[in-house]
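Undergrad: Attaching a single structure in structure tokens format; questions to follow.
The values are calculated or read from the model by the stated rules, or taken from the named source; none is laboratory data. Just so you know, these numbers come straight off a predicted model, no measurement behind them. So basically every Cβ, Gly included, is an ideal-geometry build from the backbone, and we count neighbours across all protein chains shown.
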Amino acid sequence: MDESRLDTSKTFIADLYLIRNGARSPIRINDSGWLQAMQGQVLPTTLWFGCYQLEDGVGYIIKEYTKGGGRNGSVLSLNHNDYLGFYADAQRPWTIHHLDGRELVPQGTPEASVSISTKGGRRWTASGNDFKALKGAGSELFVHIHKIGVYRF
């Protein structure tokens with residue numbers, strides 16, 4: 001992604017949770033690089049949401065932030081079966097909206113229930129403990145923003 005298009009005023013680091021039956025399940029990256037919802041007292045993986053200005057609005061590139069580094073620069077994307085995982089050669093932008101459809105504005109929004117989708121409208125959807133990007137309503141996610149304006153890590 002062209003770094004000159006990075007909008008640091010909307011770039012942030014955050015934890016994500018899946019909301020399922022009224023309970024929060026922390027979202028982590030497993031040892032194989034797949035995004036998963038966990039059960040019990042497990043800390044979520046902190047993620048970097050880099051906001052880039054695109055021709056048709058903004059898109060977020062998502063990378064691992066936990067421990068101050070990532071998976072060799074890997075970016076969250078989809079495999080051929082639509083499962084969410086981290087890939088070294090990926091550049092997929094994601095959109096983040098409140099559940100009522102408003103675009104997420106990180107400033108003044110430390111926590112919110114959100115939906116995350118591809119630019120084409122396929123939303124993060126829990127499939128057991130894994131995630132896929134599918135057409136339809138998608139799963140309710142909860143974002144807890146730690147810091148805004150994180151450019152490099």
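Undergrad: Any idea which residue in the stretch 43-58 is surrounded by the most Cβ atoms within 10 Å (Cβ to Cβ), counting only those that are in contact with a strand residue (DSSP E or B) (Cβ under 9 Å, 6 or more places away or on another chain) and over 12 Å from Leu16 (Cα atoms)?
TA: In this case the residue turns out to be Gly50.
Undergrad: I've got another one for you. When the residues of the stretch 27-67 are filtered to those that are aromatic (Phe, Trp, Tyr) and part of a strand (DSSP E or B), which remaining residue is farthest from Arg102 (Cα to Cα)?
TA: Trp34
Undergrad: Counting only residues that are among the hydrophobic types (A, V, I, L, M, F, W, C) and farther than 19 Å from Leu18 by Cα, which one in the stretch 101-153 is modelled with the highest pLDDT?
TA: That would be Ile148.
Undergrad: A further question on this structure: Which number in (1) assigned to a loop (DSSP other than H, G, I, E, B); (2) in contact with an Asp or Glu (Cβ under 7 Å, 6 or more places away or on another chain) marks the one condition that Val105 misses?
TA: (2)
Undergrad: With the structure loaded, tell me whether Leu76 is at pLDDT 90 or above, surrounded by 16 or more Cβ atoms within 10 Å (Cβ to Cβ) and under 11 Å from the mean Cα position of the chain (by Cα) or whether it fails that test.
TA: Considered against the rule, which asks whether it is at pLDDT 90 or above, surrounded by 16 or more Cβ atoms within 10 Å (Cβ to Cβ) and under 11 Å from the mean Cα position of the chain (by Cα), Leu76 comes out as yes.
Undergrad: I would also like to ask the following. Can you tell which of Lys147, Lys135 is free of Cβ contacts under 8 Å to residues at least 24 places away in the same chain and over 18 Å from Met38 (Cα atoms)?
TA: Being free of Cβ contacts under 8 Å to residues at least 24 places away in the same chain and over 18 Å from Met38 (Cα atoms) holds for just one of Lys147, Lys135, which is Lys135.
Undergrad: I would also like to ask the following. If you go through the stretch 28-38, how many residues are surrounded by fewer than 16 Cβ atoms within 10 Å (Cβ to Cβ) and without any contact (Cβ under 8 Å) to a residue 40 or more places away in the chain?
TA: Number satisfying all stated conditions: 2.
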